[in-house]
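The structure appears below as structure tokens.
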Amino acid sequence: MEFSTFIGPPTVVLAVWVCFLAGWPWEGVLVLGAYIGFNLVWSLLEARRLPITRGSHPRAIANFVFMFGIFASLAHTDGAWIMALPTMFGSQGSPTMRQARYVRILALLGIALGSFTAGIPWTQVATLLVGLGLVGTVSERLYQPLLQAFMVSRERQAALDQSNAELERALEARKTFLATMSHEIRTPMNGVLGMAQLLDGTELDEEQRRMLAVLRTSGQGLLAILNDILDISKLEAGRMAVDEQPTDVATMARQVTELLRHGSLSRDVMLEVVDEGVPSSILTDPLRLRQVLVNLIGNACKFTAEGSIIVRLRWADDTLCVAVEDTGIGIPEATCERLFQPFEQADAGTTRRYGGSGLGLAISHRLIDLMGGRISVESTVGEGSIFAFSLPAPETDEISMVSELSISLDHDASRVLLVDDNRTNLMVASAMLQRLGCEIVALDGGQQALDHLQRDRDFDLVLLDCQMPEVDGFTTCERLRERGWTGPVLALTAGVTDEERTRCLESGMDDVLHKPTSIEALRRALATWTEGRRDRSRLA
Ligand code: ADP
């Protein structure tokens with residue numbers, strides 16, 4: 001017996017109709033879906049089971065076409081035609097509703113036609129159409145607000161989707177703008193700072209040395225602002241990730257104080273680290289922690305002319321507590337809270353007097369938040385300030401990666417292949433590597449490097465710029481690896497985004513050095529990547 005004689009299409013359409021009226025649209029779609037599924041299977045089974053009897057195949061096909069028609073019109077209008085049936089003959093409604101009306105009329109004609117062809121008695125079909133019309137007319141007034149709300153919410157959703165897409169495009173554009181700007185500023189800064197550092201190693205009189213010091217600090221200040229802007233936008237876009245590793249915080253704090261002692265610290269200030277029992281290895285993000293320490297201790301050094309700065313380290317209940325206490329100028333109470341907002345400074349005069357972007361504390365605050373901790377400040381004008389933060393940082397058995405930096409280059413001179421399309425950068429890196437006793441082959445393009453390596457493979461290290469015309473650094477490295485080069489390849493790039501780093505590593509590079517580079521950074525890279533590899537890469 002045919003399934004549709006138990007539950008005919010009119011019954012199902014009415015059931016779906018009632019579901020929609022009752023405000024259960026998904027249940028309605030479910031009923032219809034289930035019916036269509038059953039009916040299709042049933043029609044197919046019936047067509048296979050029965051020998052060709054008169055009308056059995058056409059009926060099965062008609063059933064299929066009929067159901068397919070309903071399903072297609074439902075899918076096409078996103079269910080709107082069922083929702084909008086009561087207003088079918090009305091003239092009101094939004095453009096979407098008016099558009100949907102044509103589909104609805106076609107769908108009803110489809111129902112009528114399909115039902116007749118499927119052999120459903122005309123009385124049933126007529127009852128359905130009249131029933132729909134009656135229910136529609138009666139419920140129109142009650143149903144109109146619901147329908148209107150449905151349509152409005154659909155239109156609102158569309159508008160919302162569009163503005164979300166626009167926002168995403170704007171954010172993407174900001175990200176690209178920042179990355180490009182950073183790259184474009186870093187490239188000439190590499191020339192300025194690199195040359196200044198190289199000049200520092202030559203014979204200069206007192207006056208020239210003073211002028212050079214101004215040149216270097218100004219350049220470094222500009223770079224610090226650039227880095228701060230990149231960091232804060234990364235933090236605000238939620239793109240900064242925490243990477244926890246075993247860390248020796250006391251050693252790290254001592255390294256940071258040593259670094260800053262030779263910077264802006266006045267001679268009359270005592271700077272010391274007091275370790276009140278932090279385990280030698282705790283789990284935290286060393287890079288981010290160091291960034292916060294540099295900022296807080298750096299500020300203390302900047303704003304303290306005499307007295308002392310104490311970096312106090314405590315650890316209890318798997319929590320690290322750090323307090324940077326200074327006897328500096330202090331901050332008015334009303335200003336303290338605002339200081340953790342971007343671009344806030346205690347008073348505008350401080351920028352002129354001490355420099356800085358007003359981003360350091362905002363970045364520190366967000367970094368500490370990201371690591372699950374809290375930061376606070378207590379200060380009295382004229383007496384000093386205490387910036388303190390606490391972080392969850394459990395003890396670990398693994399050995400910390402932070403160690404005293406003692407890198408020397410007393411092995412054989414390394415032979416380095418240096419590739420950069422920018423002549424200034426090529427000059428800077430060549431001169432720095434020469435200072436470190438390296439022998440250099442400097443080339444200004446990826447293709448030149450690939451050609452050269454076919455004749456001469458005797459290198460301990462390859463340093464590649466990334467953005468180069470024609471064959472860029474990524475492609476150069478990929479081809480090098482394809483040709484069996486196993487020696488270390490490092491990027492020396494002005495691109496500092498995570499995407500750039502990932503691209504470098506994916507193309508087969510071992511590590512990434514950033515521009516502006518320094519003799520120290522190159523010394524460290526040589527020590528890490530060429531020591532003990534000399535023989536291996538020469539054989540490659
Ligand atoms: P900046 O780059 O200007 O130092 P920060 O966000 O690090 O930016 O600091 C914001 C402001 O907070 C500073 O300009 C200064 O007015 C005040 N400040 C921060 N640390 C101290 C401190 N230890 N003593 C006095 N004032 C401070």
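Global dimensions of region 204-265 from alpha-carbon coordinates: Rg and Dmax equal 16.8, 49 Å.
A straight Cα-to-Cα reach below 19 Å connects K302 with none of the lysines, residues fewer than 8 places away in its own chain not being considered.
Taking other residues whose beta carbon is less than 14 angstrom from the beta carbon of M371, and scoring Lys, Arg as +1 and Asp, Glu as -1, yields -1.
Working note: Karplus 6.51/-1.76/1.60 with θ = phi - 60° gives region 359-371 the couplings 9, x, 6, 4, 5, 4, 4, 5, 5, 5, 4, 4, 8 Hz, where Gly and Pro are set to x. Most tightly packed first, judged by the mean number of other beta-carbon atoms within 10 Å of their residues, the peptides 418-425, 317-324, 197-204 read 418-425, 317-324, 197-204.
Along its principal axes, region 266-326 has C-alpha extents of 35, 22, 14 angstrom, given from the largest down. In terms of the mean number of neighbouring beta-carbon atoms within 10 Å, the peptides 284-292, 214-222 order highest first as 284-292, 214-222.
At full extension, R156 and E378 could sit 75.1 nm farther apart than now, given 0.36 nm per residue minus the alpha carbon distance.
Using 0.36 nm times the number of residues separating R435 and T335, minus their current alpha carbon distance, what extension gain do you get?
Gain in length upon complete extension: 31.2 nm.
Summing Cβ point charges (Lys, Arg +1; Asp, Glu -1) relative to the Cα centre of region 235-307 gives a dipole of roughly 280 debye.
How much net charge surrounds N422 when only the other residues with a Cβ under 9 Å from the Cβ of N422 are counted, with Lys and Arg +1 and Asp and Glu -1? Present the calculation step by step, with values, prior to reporting the outcome.
Numbers: positive: R423; negative: D420, D421, D444, D465.
Once positives and negatives cancel, what remains is -3.
Backbone phi angles across region 174-191, fed through the Karplus curve with coefficients 6.51, -1.76 and 1.60 (θ = phi - 60°), yield HN-Hα couplings of 5, 4, 5, 4, 5, 5, 5, 4, 4, 4, 5, 7, 4, 4, x, 4, 4, x Hz in residue order; Gly and Pro are listed as x.
Computed from the coordinates by the stated procedures, all read-outs in this text should not be read as laboratory data. Note that the coordinates shown come from a computational prediction; the quantities given were computed from them, not determined experimentally. With ideal geometry, Cβ positions are generated from the backbone for all residues, glycine too; neighbour counts draw on all protein chains shown.
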